[in-house]
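**Q** What follows is a single structure, and I will ask about it in a moment.
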Amino acid sequence: QVQLVEPGGGLVQAGGSLRLSCAASRSIFRFNTMGWYRQAPGKQRELAARISVGGSTNYSDSVKGRFTISRDNAKNTVYLQMNSLKVEDTAVYYCNTYPEMDYWGQGTQVTVSS
């Protein structure tokens, strides 16, 4: 069964930090690069960060140096540590494979206030 569950969002002031987590079905997680995507109001969904099964990471220019993606293969969980948050990071955050599947979880709202 496909499952992507993304708790951990919330409201934070600019400059603050949040940590997101995503628990995935083992069948999805074990062989796939995982990504964190985000969709800001009125914008298309974009890839923020991805991590391979072996741990290689890649970040979009907008989050590089501030966000860190990691994964725990034993727990089938991928994390996103977000530091130095900016108002423009406000979005719904989703995890998915990279490239993404058609199935998406409900995502988690991150709101950064000024």
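**Q** Quick one: P(r) of the chain from all Cα-Cα pairs, 10 Å bins, percents rounded to integers, in order of increasing distance.
**A** All Cα pairs considered, the percentages come to 16, 52, 28, 4, 0.
**Q** Follow-up question, since we're still on this one. May I ask you to give the solvent-accessible area per residue for the range 28-109, in square angstrom, as obtained with a 1.4 angstrom probe?
**A** 52
**Q** What number, in percent, do you get for the relative contact order of the chain if the mean sequence gap of Cα pairs under 8 Å and at least 6 apart is divided by its residue count?
**A** Once normalised by length, the contact order is 37 percent.
**Q** Right, something else. Give the carbon-plus-sulfur fraction of the accessible surface of the chain in %, rounded to a whole number; probe 1.4 Å, heavy atoms of protein chains only.
**A** Carbon plus sulfur share of accessible area: 45 percent.
**Q** Note the full-extension length gain between Gln13 and Arg30 as 0.36 nm times their separation in residues minus their Cα-Cα distance, in nm to one decimal.
**A** 2.6 nm
**Q** Separate question: As a test of the formula, what do you get for the chain when each DSSP H run with n ≥ 4 contributes -39,500 (n - 2.57) and the sum is divided by the residue count, at 222 nm and rounded to the nearest 500 deg cm²/dmol?
**A** After summing the helix terms and dividing by residue count, I get -500 deg cm²/dmol.
**Q** Counting only other residues whose beta carbon sits under 14 Å from that of Ser60, what net charge do I get with K and R as +1, D and E as -1?
**A** Counting the neighbours of Ser60, the net charge comes to +3.
The values are calculated or read from the model by the stated rules, or taken from the named source; none is laboratory data. Worth saying up front: this structure is predicted, and the values here are computed from it rather than measured. In this analysis, Cβ positions are derived from the backbone assuming ideal geometry, glycine residues included, and neighbour counts consider all displayed protein chains. Each accessible area value is taken on the protein alone, full model and side chains, heavy atoms only, with ligands, DNA and RNA left out. Shrake-Rupley method; radii C 1.70, N 1.55, O 1.52, S 1.80 Å.
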